[in-house]
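Undergrad: Pasting in a structure now, in structure tokens, and then I'll have a few things to ask.
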Amino acid sequence: MTIFIASLFLPYTVNFHLDKGSKASSPKSSRSFKGSPPRTGPSAAATLFQKRQDEAIKKGLTPGAITDYEQIFTNTRLESLNEYPFPTTSNGQPNVLSQSEAHSPAWGSTQTFNQPRPLKMALPSPSILKHQEPIPEGAPPTIEISKPPTMGIESQKAQGEVMRSVPSHSFSNADWTIESAEQGNPGLRNAVRSFSDPGLDDTVWVGTLGMPTDALDSHVKSEIAETLEDKYSSLAVYVSDTDFDGHYSHFCKTILWPVFHYQIPDNPKSKAYEDHSWVYYVKLNEAFAQRIAKNWRRGDAIWIHDYHLLLVPAMLRKLLPDAQIGFFLHVAFPSSEVFRCLAPRKELLEGVLGADLIGFQIDEYCRHFLQTCSRILCVEARNDGVQLEDRFVNVGKFPIGIDPTSWDERRRSHDVEQWIKVISEKYEGKRLIVSRDKLDSIRGVRQKLLSYELFLNTYPEFRDKVVLIQVASSTNEQTELDTIVSDIAMRINSTHSTLAHQPLVFLKQDLSFAQYLALITVADALMVTSLREGMNLTSHEFVYCQDGKYGPKAHGPLILSEFTGSASIFDDHALLVNPWDYRQCAEAIHTALTLNESEKEDMWRKLHSAVLQNSTRNWVKSFREALSKVWDEHSSRETMAVPRLSVSRLEEEYRRSSRRLFLLDYEGTLASWGSPTSIILTTPQRALVTLTDLLEDPRNIVYVMSARRPEEMERLFRQVSGLGLIAENGCFIREPSKDSWIKLNEDHHTKEWKAGTKGILNYFRERTENSWIEELHCSLVFHYGDAEDKVAAARQASECADHINDACASQGVHVTPVDGALIIQSSRTNKASAAELVWRYSIERGKEGGYAGQPDFLFVAGDSREDEVVFRWANKLAESKAVKSCMTVTLGSRSTEAKATLTQGVTGVLSCLQRLAASTQS
């Protein structure tokens with residue numbers, strides 16, 4: 001089986017060799033990784049600040065340092081990949097540990113590869129109504145096309161004016177090699193690499209090259225794609241430079257990224273970009289879907305990753321209806337109040353719901369997604385997924401982590417050992433607090449520095465004993481934040497520094513990987529104050545490196561923002577803080593520095609256990625197994641997979657059985673749907689006769705299930721003696737030949753949640769025309785099907801369901817949307833819980849009547865979503881061998897857990913039951 005790993009960027013890119021006289025005589029002779037590890041170059045970020053940093057480095061100074069004591073870091077990447085041996089995979093490629101997210105090009109640490117510059121791009125029309133029309137020649141541009149480092153543009157800037165003079169066609173005539181790329185998702189790359197199961201050996205990466213490609217001719221593109229596919233198990237996705245720039249720089253980074261991190265893009269730039277950039281977002285997603293579909297074969301699995309490709313699952317579902325598709329979101333998923341601010345919110349949700357399994361980092365993100373689907377799409381959101389009209393989509397948490405094996409190998413290298421020695425000597429006698437963040441609006445660097453300043457002011461005895469080393473890579477988009485943070489850093493050092501001590505080393509550069517490993521090994525604490533973050537792997541890396549095996553210190557505490565996904569993984573074993581509460585953060589610093597050794601070791605052991613439990617290997621294994629399982633379940637529920645009921649076979653099993661239990665839905669199964677407001681309730685005579693015939697055999701136990709009240713059920717079936725009844729979807733049971741009803745819900749609990757729910761229902765009833773509320777004994781029904789404006793009524797109903805699910809979740813109340821109505825009831829009881837009780841009663845009553853054991857024949861028939869829980873219960877009973885013969889039957893064609901279907905509707909059910917009754921009478 002092949003597993004397609006679809007991510008925006010491939011783990012590889014292309015480096016062009018523009019030496020004088022080079023020819024493209026043999027581009028396919030690209031250097032293979034086998035026996036030769038991939039090469040990476042030095043940092044080439046080109047911001048003005050970093051240029052000043054380079055000048056300081058040339059002078060032997062570390063940015064942010066003011067004394068010789070702190071001037072030990074440089075911007076040189078000492079861990080050249082050739083300095084230590086690499087383990088290799090089975091196909092000869094290097095098993096290199098990809099650096100964590102802070103080392104990605106978004107940090108301004110792209111490789112200095114020779115790659116094309118983007119050609120002149122067609123700008124969108126100034127009118128959002130004509131965004132697909134080209135701008136007339138000579139018209140002023142409406143936007144400035146950005147040049148993200150991930151496209152290789154910034155790294156070319158660093159190469160100076162020489163590159164500017166290189167004609168575009170030179171790249172098509174140059175030799176090239178495939179190189180290991182830094183851009184992309186290193187956590188995902190490490191996860192796939194760490195999983196050595198033979199079933200994952202056949203993985204194929206799908207993504208872009210992370211560089212402009214318009215300058216390359218079709219022949220070169222084709223040869224690059226062939227080499228990647230043949231030697232590197234990678235499928236290159238080509239899109240125009242304009243499409244990529246609109247997708248990545250404008251929609252993903254300007255629209256999606258802020259919203260997913262609770263920062264609604266309300267600046268003029270964002271509003272102007274949203275409409276046209278959505279077109280590019282769709283185009284790139286379509287390119288991915290087409291590329292995968294052309295290479296997919298039956299039995300293959302598809303894993304799609306992150307917010308760049310939210311539309312791909314639905315596009316693939318349309319192209320490959322029976323494909324096994326999983327989607328995983330690596331970042332946070334916001335609450336419905338935030339997500340609904342997106343213009344294409346519905347399209348994005350429907351795109352993701354094309355998958356069989358949707359994975360998130362933690363439970364909170366799962367819950368937000370389910371609530372958002374309920375509110376925006378008006379679908380039923382259960383705890384484990386979303387019920388669509390034709391299929392069920394599973395949702396679950398799969399926290400990603402690090403690969404301990406790879407980290408152990410890297411920590412043993414000589415350069416890390418040397419840096420541990422250097423840093424330990426330079427900071428001997430000092431307490432080191434380490435932080436490493438991207439300097440953007442969501443990492444909370446400003447909040448961290450203000451908290452540290454408050455700590456120094458509150459606890460002056462630590463002023464000459466503590467050093468905070470803040471690694472903060474700057475970005476072009478955050479110039480205002482950059483200035484603010486720099487001012488805070490300057491104020492801290494000017495206030496609290498001495499000739500021999502500087503309390504804050506603020507590095508606006510990233511460290512080499514060896515420096516980083518050494519720093520988190522010798523640190524006394526790590527501080528993370530992200531305002532929102534999916535999973536902070538830096539904290540996992542710090543915990544793992546604090547085992548004391550390679551450094552003089554061990555078991556350092558972790559100060560962690562409660563708004564990171566990692567906070568959920570580490571629970572209360574870390575020092576959790578609210579980044580906006582500066583006093584709490586300052587106290588957390590003091591606590592971290594004053595814990596005794598036994599307390600630190602106890603906290604660390606629990607953190608370390610969580611890191612090992614949520615390793616990359618476990619992440620891949622759990623997601624793979626879950627996807628395979630849910631796909632098997634979904635396939636069995638598909639309409640084409642559910643066979644038609646064989647009445648002759650059923651009749652044979654019926655005759656061989658000694659005791660039989662029938663659970664039959666009423667409306668839609670035994671009788672056509674009627675109005676719930678009907679004054680005179682009647683049951684078709686044929687149904688009454690059929691039930692009577694079945695009950696003539698003393699070995700038969702028959703129950704009819706309905707959402708109606710108990711008194712209505714009595715009136716409907718008063719002519720049939722010996723019939724068992726289940727009312728209000730499982731809240732009431734009346735045993736055969738008995739007058740009293742058994743109530744499964746507690747009165748005080750029902751009154752409590754009804755009182756809180758009625759206020760919400762009345763609020764929406766007043767705002768939805770022709771809607772009304774029906775109160776049953778144990779449930780409430782909000783009817784809105786008679787509204788003239790169906791769209792507005794459905795929107796109000798979805799918001800109503802979302803409010804009730806939120807407000808009453810702790811009371812065990814759940815909303816089930818049906819056609820034109822919402823059913824609000826306790827989640828503690830349903831038709832399945834009633835069926836379980838009926839099963840026990842049938843065993844007890846059988847013993848009283850002289851029948852040994854339990855029923856050996858079970859027949860369940862229904863037509864609606866409420867009956868799925870009974871089908872599930874009956875199927876599990878059959879799997880456990882508790883019943884010899886079991887048949888679950890649904891009417892019509894839809895995704896179902898029933899094992900058979902009847903297409904003749906009510907008539908088919910009654911005909912089937914009549915044949916069974918007649919078979920014993922004859």
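Results for (1) part of a loop (DSSP other than H, G, I, E, B); (2) touching an Asp or Glu at 6+ places or on another chain (Cβ under 7 Å); (3) within 30 Å of residue 259 (Cα to Cα), shown as yes or no for each residue.
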{"site": "479", "(1), (2), (3)": "no, no, yes"}
{"site": "485", "(1), (2), (3)": "no, no, yes"}
{"site": "490", "(1), (2), (3)": "no, no, no"}
{"site": "493", "(1), (2), (3)": "no, no, no"}
{"site": "506", "(1), (2), (3)": "no, no, yes"}
{"site": "516", "(1), (2), (3)": "no, no, no"}
{"site": "519", "(1), (2), (3)": "no, no, no"}
{"site": "527", "(1), (2), (3)": "no, no, yes"}
{"site": "530", "(1), (2), (3)": "yes, no, yes"}
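Undergrad: Among all residue pairs at least 6 apart or on different chains, which show Cβ distances below 7 Å where the first residue, located in segment 877-904, is part of a loop (DSSP other than H, G, I, E, B) and the second is among the aliphatic types (A, V, I, L, M) and at pLDDT below 90?
TA: Qualifying pairs under 7 Å: 896/642; 898/642.
Undergrad: Another question about this same structure. Given 367, 345, which one is touching a residue at least 12 places away in the same chain (Cβ under 8 Å) and outside the structural domain of residue 792 (by TED's automatic domain parsing)?
TA: Of 367, 345, the one residue that is touching a residue at least 12 places away in the same chain (Cβ under 8 Å) and outside the structural domain of residue 792 (by TED's automatic domain parsing) is 345.
Undergrad: Note down all Cβ pairs under 6 Å where the first residue falls in segment 451-470 and is surrounded by fewer than 17 Cβ atoms within 10 Å (Cβ to Cβ), the second is not in a helix (DSSP H, G or I), and they're at least six residues apart or on different chains.
TA: As it stands, the answer is 464/501; 465/431, since those pairs meet every condition given.
Undergrad: Condition test on residue 153, is it at pLDDT below 80, within 25 Å of residue 6 (Cα to Cα), buried (at least 21 other Cβ atoms within 10 Å of the Cβ) and of a type in the set (A, V, I, L, M, F, W, C)? Spell out the reasoning first.
TA: Values: at pLDDT below 80: yes; within 25 Å of residue 6 (Cα to Cα): yes; buried (at least 21 other Cβ atoms within 10 Å of the Cβ): yes; of a type in the set (A, V, I, L, M, F, W, C): yes.
Here the answer is yes, as residue 153 does meet what is asked.
Undergrad: Kindly state which helices (runs of 4 or more DSSP H) lie completely within segment 389-458 and contain at least 1 residues that are over 30 Å from residue 622 (Cα atoms).
TA: In segment 389-458, 414-426, 445-458 are the helices (runs of 4 or more DSSP H) which contain 1 or more residues that are over 30 Å from residue 622 (Cα atoms).
Undergrad: Would you confirm, using the coordinates I've provided, whether residue 481 is in the same structural domain as residue 575 (by TED's automatic domain parsing), at pLDDT below 90 and out of contact with any Cys (no Cβ under 9 Å at 6 or more places or on another chain)? Quick ask: steps written out before the conclusion?
TA: Working: in the same structural domain as residue 575 (by TED's automatic domain parsing): yes; at pLDDT below 90: yes; out of contact with any Cys (no Cβ under 9 Å at 6 or more places or on another chain): yes.
In short, yes.
Undergrad: May I ask you to verify whether residue 535 is closer than 30 Å to residue 334 by Cα, in a loop (DSSP other than H, G, I, E, B) and in the same structural domain as residue 471 (by TED's automatic domain parsing)?
TA: Numbers: closer than 30 Å to residue 334 by Cα: yes; in a loop (DSSP other than H, G, I, E, B): yes; in the same structural domain as residue 471 (by TED's automatic domain parsing): yes.
In short, yes.
Undergrad: Would you check if there is a residue in segment 381-390 being in contact (Cβ under 8 Å) with a residue 12 or more places away in the chain, over 23 Å from residue 803 (Cα atoms), surrounded by fewer than 20 Cβ atoms within 10 Å (Cβ to Cβ) and not polar (S, T, N, Q)?
TA: Within segment 381-390 (the criterion being in contact (Cβ under 8 Å) with a residue 12 or more places away in the chain, over 23 Å from residue 803 (Cα atoms), surrounded by fewer than 20 Cβ atoms within 10 Å (Cβ to Cβ) and not polar (S, T, N, Q)), the answer is yes, since at least one residue qualifies.
Undergrad: Determine, yes or no, whether residue 280 is closer than 26 Å to residue 530 by Cα, assigned by TED's automatic domain parsing to the domain that holds residue 226, surrounded by 20 or more Cβ atoms within 10 Å (Cβ to Cβ) and in contact with a helix residue (DSSP H, G or I) (Cβ under 9 Å, 6 or more places away or on another chain). Full working, then the answer.
TA: Details: closer than 26 Å to residue 530 by Cα: no; assigned by TED's automatic domain parsing to the domain that holds residue 226: yes; surrounded by 20 or more Cβ atoms within 10 Å (Cβ to Cβ): yes; in contact with a helix residue (DSSP H, G or I) (Cβ under 9 Å, 6 or more places away or on another chain): yes.
Criteria not met by residue 280.
Undergrad: Residues that are within 20 Å of residue 293 (Cα to Cα) and modelled with pLDDT of 90 or more: find the strands (runs of 3 or more DSSP E) completely inside segment 174-250 holding 1 or more of those.
TA: Working: elements: 175-180, 203-208, 234-236.
Output list reads 203-208, 234-236.
Undergrad: Taking strands (runs of 3 or more DSSP E) that fall entirely within segment 724-783, which contain at least 1 residues that are under 19 Å from residue 709 (Cα atoms) and touching a Gly at 6+ places or on another chain (Cβ under 9 Å)? Break it down stepwise before answering.
TA: On the way: elements: 724-727, 732-734, 772-775, 779-783.
Fully inside segment 724-783 and qualifying: 732-734, 779-783.
The values are calculated or read from the model by the stated rules, or taken from the named source; none is laboratory data. Not measured: the values here are computed from a predicted model. Cβ: placed from backbone, ideal geometry, glycine included. Neighbour counts: every protein chain shown.
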